[in-house]
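A quick write-up on the structure given underneath.
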Amino acid sequence: VMVCGLSEVGLKIISELIRLGEMVVVIDRDSTALAAIPEKKAIPVVGDASDDDILLQARISSARTLVACSDDDAANAFVILQAKDLKNRGVCKDLRILALAKSEDEFTKFRQAGADFTFAPASFGGKLMARAAMATSEKQLEALKAMKIV
């Protein structure tokens, strides 16, 4: 799995993927941030993940999934576009592209750019918290707890 961008969410994704036994390649422009990743099993690549050469160097051809998870929506859009282009050229034809967005407003743009799935953690978290606040039974709260997100 390629993780592009070291946001707070990106660090959580890396930790979870490593915990699940996945091989993780992390691409970011900041070599200092890459060196500070707590998960030493992740393979760091310094560079711009929207650059063909960097994606090829990081072996996108072997990746199953690419996660664009910078805190910058525009940067994520460029990564999505580049990954989609490589996918269309057959370099990584089975690649799944996931994207982090600041809000649901970006979903349509990211899908048009080529993301298969887009996530807006603040929006998702707000919806879950509202459901927990409005839960009228212990059964509803237990269902939320069972998802291990509350």
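Some notes on this structure:
- Between Arg96 and Thr65, Leu66, the built amide H atoms are under 5 Å apart, and every one of these is 5 or more places off in sequence or on another chain.
- Segment Leu144-Asp72, extension gain: residue separation times 0.36 nm, minus the distance between their alpha carbons: 22.9 nm
- Computed extension gain for Asp116 through Arg64, at 0.36 nm per residue and net of the alpha carbon distance, reaches 17.5 nm.
- Largest first, the residues Thr32, Thr65, Thr136 sort by 1.4 Å accessible area into Thr136, Thr32, Thr65.
- Per-atom-type breakdown for the chain gives carbon and sulfur 56% of the accessible area (1.4 Å probe, protein chains only).
- Between helix 121-134 and the chain: long-axis angle, C-alpha atoms, 0 to 90°, nearest 10: 10
- Relative contact order of the stretch 22-80, defined on C-alpha pairs under 8 angstrom at six or more residues apart (%): 29
- Note on Ser31 and Ser137: their simple-model spin labels are 5.9 nm apart, each label 7 Å out from Cα toward Cβ.
- Per-residue ³J(HN,Hα) for the stretch 72-82, Karplus 6.51 cos²θ - 1.76 cosθ + 1.60, θ = phi - 60°, Hz, x for Gly and Pro: 9, 4, 5, 4, 4, 4, 5, 5, 4, 4, 5
- Modelled this way, with points 7 Å down the Cα-to-C-beta line, the labels at Gln57 and Thr108 are 3.8 nm from one another.
- Furthest towards positive pole of dipole, Phe78, Gln57, Ser103, structure part the stretch 32-120, Cβ charges: Gln57
- Distance between the pseudo-spin-label points of Ala130 and Glu22 (7 Å out from Cα toward the beta carbon): 2.8 nm.
- Simple rule: put +1 on each Lys or Arg Cβ and -1 on each Asp or Glu Cβ in the chain, find the dipole, and look at Thr118, Cys69, Val26; the Cα lying farthest toward the positive end is Thr118.
- Charge dipole of the chain (Cα centre as origin; +1 on each Lys and Arg Cβ, -1 on each Asp and Glu Cβ, all else neutral): 600 debye, rounded to the nearest 20.
- The calculated 222 nm mean residue ellipticity attributable to helices in the chain amounts to -13500 deg cm²/dmol, summing -39500 (n - 2.57) over DSSP H runs of n ≥ 4 and dividing by all residues.
- Short-range pairs are left out: with C-alpha atoms under 8 Å and at least six residues apart, the relative contact order of the stretch 1-134 is 20 percent.
The values are calculated or read from the model by the stated rules, or taken from the named source; none is laboratory data. Everything quoted here is computed from the prediction, not taken from an experiment. Neighbour counts run over all protein chains shown; Cβ positions are idealised from the backbone, glycine included. Accessible surface areas use protein heavy atoms only, side chains included; no ligands, DNA or RNA. Shrake-Rupley method; radii C 1.70, N 1.55, O 1.52, S 1.80 Å.
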